Structures are given as structure tokens and as C-alpha cells.
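Chemist: One structure, as C-alpha cells, below. Some questions next.
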Amino acid sequence: MASAPAAPDAADSPEGAAQPGAGSRPPARLVVLVSGSGSNLQALLDAAADPGSGFGAEVVAVGADRGGIEGLRRAERAGVPTFVHRLRDYPSRPDWDRALTGSVAAHRPDLVVSAGFMKIVGASFMAAFAGRFINTHPALLPSFPGAHGVRDALAHGVKVTGCTVHFAEAEVDSGPIIAQRAVEVRDDDDEDTLHRRIKEVERGLLVDAVGRLARDGYRVEGRKVYIP
Ligand code: GRF
């Protein structure tokens, strides 16, 4: 059984269960990884900045695998530190992975969120953050994993697809599922229109899931995630 509460003082709890007085604990520390527009990151930043949201987490750093993206600009506008590790700047993929791991670890995250991060992390990263590394995917896993979840769902002709927030494991889009929401496919959808509607739902799902993990703690038994 993996047991990995996000919020700092829940770490002493037997199964990551919520502690009395949870509202007074410090916010869980999030490091968010992005590769593109960063609208999911923005949803996390907005929730963290809203004093009335009771979100229970703060974004302490944003990392990317490329420069010049809106995701990094969103972080900078919010005053959140950023770092970039481009694969091509490293002699090997394990070197890149170790550098990424070091930068994330330097911010002492309780949870690491891959929010549209389009690189597969390696062994160092998984060893450091397994059980607290979260990914959001624009399909209802285990259907349509991979980089083209929206396109593949459309091509298959499904009538309902959606989004999944899950713990990341070494195999892409495979880890225990934290939360899912469904989105109907319309006859006239193309990849862009469908992805846009999925992302509207996905942002709310991600904020809700991360907030619950941060506030309430969690435990993972086999493939099942329990949030008290
Ligand atoms: C999201 O749909 C995510 O699931 C997928 O890429 C999209 C990222 O969108 N992997 P954004 O950068 O958060 O706007």
C-alpha cells in the first residue's frame, strides 16, 4: 500500500487521513510542470490566490521543457519562480531527467503536477516523486492514453470522452486514478472544439482533485485512491 499525504503535517498520520484542525495547516507545496499554454496551471494559480477558495495548496514553482511558452509567462505574472530544462541541452535523457529532478526537489514539493507537460520523465524523477506525481489527461483512462487522447477518441467514434487526473507511474497514463469527469462528443466536433470543452471541465477537475489531496490527505491501495 502506498500512503502519501500531501499536506505537510498529514505526513505523520497513519494513512494520510485528514487531521483535526486541517484548516490551520500550511498549504501543500505544488510544483507544476508545463509545456504549452498552461491554462490548467492558471486554474491552480487562481485557486491558490483566492483567499476564499480554501484550496489548501500553493504553487511554489513552475518547470518547463521549453522556453517562450505562455505557461511560463503565467507563472511569472503570478510571481512564481520558474525553471526550464530543454532535453536538447543535455548529453543524454538520464542527464536531463536528473537535472529536472534536482530543480523540482529544490522546491520541496508535497505534490508535483504535470499539467500538459509533454515529456516522459525517467527513473530519477519517478524515484524521487512516485506517489506524489500527478498527471492530467484529456480522455477517460484507460481509454486513449498517449499524446493524442482527444484525436484518438474522436477517431474511435466514442460518444462520451472526458478527462482523468491520476498518479503518474513509469508507464505513460497508467497510474491509479484520482478523479474523472465525462464530456459528451458532438457530431460536429473536431479535435480543437472537443479539446476546448474537455479543458474547461479538466481545469475544474484538477483544482478539485489537487485541493482534496492537499486538504484531506490520501492513500493508495493497489489501483485505488482513497481520499477521506
Ligand atoms: C490538457 O488537456 C492536458 O490534459 C493535455 O494538454 C492540455 C494542456 O493544456 N496533456 P494547458 O497547457 O493546461 O492549457
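Chemist: Average the reciprocal distances over every distinct pair of alpha-carbons in the range 136-228, invert the result, and give the Kirkwood radius in Å. Working shown, then result.
Modeler: Working: mean 1/r = 0.0735 Å⁻¹.
After inverting the mean inverse Cα-Cα distance, the result is 13.6 Å.
Chemist: Moving to a separate point now. When the gyration tensor of the chain is built from Cα positions, what are the square roots of 5 times its three eigenvalues, in whole Å, from largest to smallest?
Modeler: Details: eigenvalues 129, 95, 65 Å².
Working through the eigenvalues yields semi-axes of 25, 22, 18 Å.
Chemist: Take Arg25 and Glu169, extend 7 Å from each Cα along the Cα→Cβ direction, and tell me the distance between the two endpoints in nm.
Modeler: 2.5 nm
Chemist: If you average the alpha carbon positions of the range 164-200 and of the range 39-57, how far apart do those two centres end up, in angstrom?
Modeler: If we compute the Cα centre of each part, the gap is 21 Å.
Chemist: Starting from the Cα-Cα distance between Arg77 and Ala123, subtract it from 0.36 nm times their residue separation and give me the gain in nm to one decimal.
Modeler: Here the segment from Arg77 to Ala123 would lengthen by 13.3 nm.
Chemist: Run the paramagnetic zone check for Ala130: 7 angstrom along Cα to Cβ, then residues of the range 76-120 with backbone nitrogen under 17 Å.
Modeler: 98, 101, 112
Chemist: What distance in nm separates the two pseudo spin-label positions at Lys159 and Ala147, each 7 Å out from Cα along the beta-carbon direction?
Modeler: 3.3 nm
Chemist: What spacing in nm lies between the two simple spin-label points modelled at Arg108 and Asp192, each 7 Å away from Cα in the Cβ direction?
Modeler: Using points 7 Å along Cα→Cβ, the separation is 4.5 nm.
Chemist: Ile178's amide H: which non-local residues (gap 5+, or another chain) put their own amide H closer than 5 Å, with H modeled 1.01 Å from N in plane and none for Pro or chain starts?
Modeler: Val165, His166, Phe167
Values quoted throughout were computed directly from the atomic coordinates according to the rules given, and no laboratory measurement underlies them. Quick caveat, the model's predicted, so the values are computed rather than measured. Glycine gets a Cβ as well: all are built from the backbone with ideal geometry, and neighbour counts include every protein chain shown.
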